[in-house]
Amino acid sequence: YTLSLHDALPISRVDSTTFTALLRYKMPNNFSVHGGIRGSRADAEVSLSGFGYGGLSGYNVQLDQDWGAGYVIGAAYEIPDIAARVSLTYNSKVEHEFDTVESLNGAPLGESTTTVDTPESVTLEAQTGIAADTLLFGSIRWVNWSEFLVDPAVFTALSGGGLVSLEDTTTYTLGVGRKFNETWSGSAALTYEPENDDLVSPLAPTNGLVSLSVGGS
């Protein structure tokens, strides 16, 4: 995913791609367990521009590409006769160590290594049939964003704080799926995430959200 930042930060970006490999073992009592590994690639460039940043306006930091690894573990319970399933999944944090170059208005400030942990998360998902060919589904996802810190050495020394200050988020999704015939099916879902503190970090793309998704297959 790519986080799109405020217009005041025209060349700021954080890019991350995560690959996950999962295995599932189904037990005879309708329970199953699943788990696997995650590989995450990330890099970033952040520029601060504007009077609100004071003497740090014109600051730039480049975090070179780095790979990190984590794991996934979870369990599920199913009742196939009514298409019911409840699962709980934990995603571990992934640690990155970025080679870092900092500058101010083009003048180099130094090179260092910045350690960044992408946050751990827990997802509870559920679904059940509510009528013939109709499925109700939903999820609750908690993400520990408060552990996501980006603290380049020089910036932290000059400002007394890091580039990121985020609060944990809980996201709720509720939707319905419908099989129309042997070929076509569709779904619609509503997602809600409450707002946190009004002071949003420069690297936070949103503060709360409400979204509607529609799909077909």
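The values are calculated or read from the model by the stated rules, or taken from the named source; none is laboratory data. Being a predicted model, the structure only gives us computed values, none of them experimental. So basically every Cβ, Gly included, is an ideal-geometry build from the backbone, and we count neighbours across all protein chains shown. Areas reflect the complete protein model, heavy atoms only, side chains present, ligands, DNA and RNA absent. Shrake-Rupley method; radii C 1.70, N 1.55, O 1.52, S 1.80 Å.
For this structure, a couple of remarks:
- Test result for residue 49, surrounded by 14 or more Cβ atoms within 10 Å (Cβ to Cβ), under 20 Å from residue 128 (Cβ atoms), touching a residue at least 12 places away in the same chain (Cβ under 8 Å) and more than 18 Å from the chain's Cα centre (by Cα): no
- If only residues of the range 26-41 that are farther than 23 Å from residue 92 by Cα and either polar (S, T, N, Q) or part of a strand (DSSP E or B) (or both) are counted, the one that is least open to solvent (accessible area, probe 1.4 Å) is 30.
- Residue check: residue 89 meets all listed conditions (1) farther than 30 Å from residue 176 by Cα; (2) within 20 Å of the chain's Cα centre (by Cα); (3) crowded, with 18+ Cβ neighbours inside 10 Å but one, namely (1).
- Residues of the range 121-130 satisfying the condition of being modelled with pLDDT under 95 and closer than 26 Å to residue 41 by Cα: none
- Which numbered condition residue 133 misses (of (1) within 30 Å of residue 46 (Cβ to Cβ); (2) open to solvent by 60 Å² or more (accessible area, probe 1.4 Å); (3) of a type in the set (Asp, Glu)): (1)
- Contact map, the range 104-115: residues that are open to solvent by 50 Å² or more (accessible area, probe 1.4 Å) paired with residues that are β-branched (Val, Ile, Thr) and at pLDDT below 95, Cβ distance under 8 Å, separation 6+ or inter-chain. Pairs shown: 109/154.
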